[in-house]
């Protein structure tokens, strides 16, 4: 991918759609994110890239009031548990007055997070999926 | 393995002292420990030092010891995140226990106010994915604290409680950075750092140093009748976080504590005093259960019942802890051992835990993407 990404190798584009790339061990099936050259479960080096689910569950969250990265503060972050077993740390995309909830479903949104040398840098946020029928 | 004894302890006043370098602070603590032990410093056979985030050179222990006329012995500097100090004391404990040496010193020192980190939130290394995205230590503990509220029934006042307790304790400690008791309201109403953690639930950036002299039983009996034994020291490192682990349980520290209890035959109910990592107030709450000084699922209630207060069933951080005594990073892992030794000797002054016979020192730290923490840490059990 020619676009600048927050970290090399974690996002892939296929047919105009972005995917989060983890590593899946061909021997024991364990999935890691970000991918590691060696399986952390069985130490096999036979690890292949795999696309991760786009939805997961909010494990916990916090809103940091001071900038700790190139993202503006305050910024809400969360741990998201993916069905594959990986837990990832992510900035959230929240609507005004939206409350975070542990256990809620969340979906990845690929987006530019900041600029470096005038170039947008691709990353991701997660947004909570509204329950059907719930009031907005 | 031989029994290992604490012969001398020393520390500087903890606070903001930019006029002193890390080396200056280390020397002050080392000198105090040598005086406390009542030995000629040239008796020291091996020395460990540690500094973690300051900008000084990388020869802390050589500089400190050379100021006392001690040169040409084995000296090693240790660097292991907030676990630096406890790692250094662990290495010295192994040297004495194995019989490699009979007496040695460990010095942990940190000048944080002169560090390039001063005023910033500590974050993971460059290139670490979560670090790039903006994780910080307060954010990482903030997420644990949020689960304490949402899943384990803690209230905001519960989260603030260790800070209330430790600031109260620090008022009795002449070495403490902060000597002002705080109310729950003052803590909860202070500036929000990373929800639900407020400023007064965070430890300060502190300058300071601590030193400990360990020795064999034979050497200890030559100098003192107040024998304090470092019964066991257990280090741990981080582990992979797959499958998603319960971040509220601190299972790695629990494993270190279990090993220490098993190796010494000490039952957790025998522990009279604990000094531990409380860089953020909520950290104490889930450590009580991990260290087995109460049941995991009863920690919040035991805290509300005053178990961990001075005068309670098992006082935790009678010194004031990192929250109020202060947290010069590499010094803290040594300082928890100096404090427990003083408590067991009965020399802790106004914050003495009366009749303490068994004490536990714990320290931990570090963060890395894809790992469950702490990256470094340890548990030490002491008796008199």
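The numbers here are math on the coordinates, done by the rules we state, and not lab data. Because the structure is a prediction, the values reported are computed rather than measured. Glycine gets a Cβ as well: all are built from the backbone with ideal geometry, and neighbour counts include every protein chain shown.
Laid out as a table, the results:
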| quantity | calculated |
| --- | --- |
| Estimated inter-spin distance, residue A:101 and residue A:12, nm [label 7 Å along Cα→Cβ] | 3.5 |
| Rotationally averaged projected area of the protein assembly as shown (alpha carbon convex hull; nm²) | 25.8 |
| Peptides B:97-108, A:93-104 ordered by average Cβ neighbours within 10 Å, highest first | B:97-108, A:93-104 |
| Shielding by partners - mean other protein chain Cβ count within 10 Å, residues of A:64-73 | 6 |
| Peptides B:352-361, B:330-339 ordered by average Cβ neighbours within 10 Å, highest first | B:330-339, B:352-361 |
| Inter-part distance where the range B:311-339 and the range B:35-93 are each reduced to a Cα centre, Å | 20 |
| Mean projected area (nm²) of the alpha-carbon convex hull when chain A is viewed from all directions | 10.0 |
| Sequence of B:60, B:198, B:264, A:76 once ranked by neighbouring C-beta atoms within 10 Å, starting from the fewest | B:264, A:76, B:198, B:60 |
| Least to most buried among B:93, A:114 (fewest other Cβ within 10 Å first) | A:114, B:93 |
| Whole-angstrom gap from the range A:76-99 to the range A:3-27, using each part's C-alpha centre | 18 |
| Residue with peak Gaussian network fluctuation, chain B [Cα springs, cutoff 10 Å], from B:169, B:317, B:130 | B:130 |
| Average beta carbon contacts from partner chains per residue of A:28-40, 10 Å cutoff | 2 |
| Cβ-Cβ FRET estimate between residue A:51 and residue A:131, R0 fixed at 30 Å, reported to 0.05 | 0.70 |
| Average partner coverage of A:87-93, which counts Cβ from other chains inside 10 Å | 4 |
| Mean ellipticity per residue at 222 nm, deg cm²/dmol - from DSSP H runs of n ≥ 4 across chain B, formula -39500 (n - 2.57) | -10500 deg cm²/dmol |
| Computed Kirkwood radius, in angstrom, where 1/r is averaged over Cα pairs of the range B:310-384 | 13.3 |
| Percent of Cα pairs exceeding the 11 Å cut-off, where the set is the range B:125-173 | 73 |
| Relative contact order (%) - the range B:226-384, alpha-carbon pairs under 8 angstrom, separation at least six | 37 |
| Cα gyration tensor shape of the range B:111-214, rounded if a/c is under 1.5, else prolate or oblate by comparing a/b with b/c | oblate |
| Isotropic mean projected area of the C-alpha convex hull, the range B:78-124 (nm²) | 4.0 |
| Likely footprinting exposure, A:46, B:296, fewest C-beta neighbours within 10 Å first | A:46, B:296 |
| Percentage, to the nearest whole number, of Cα pairs in chain B over 28 Å apart | 39 |
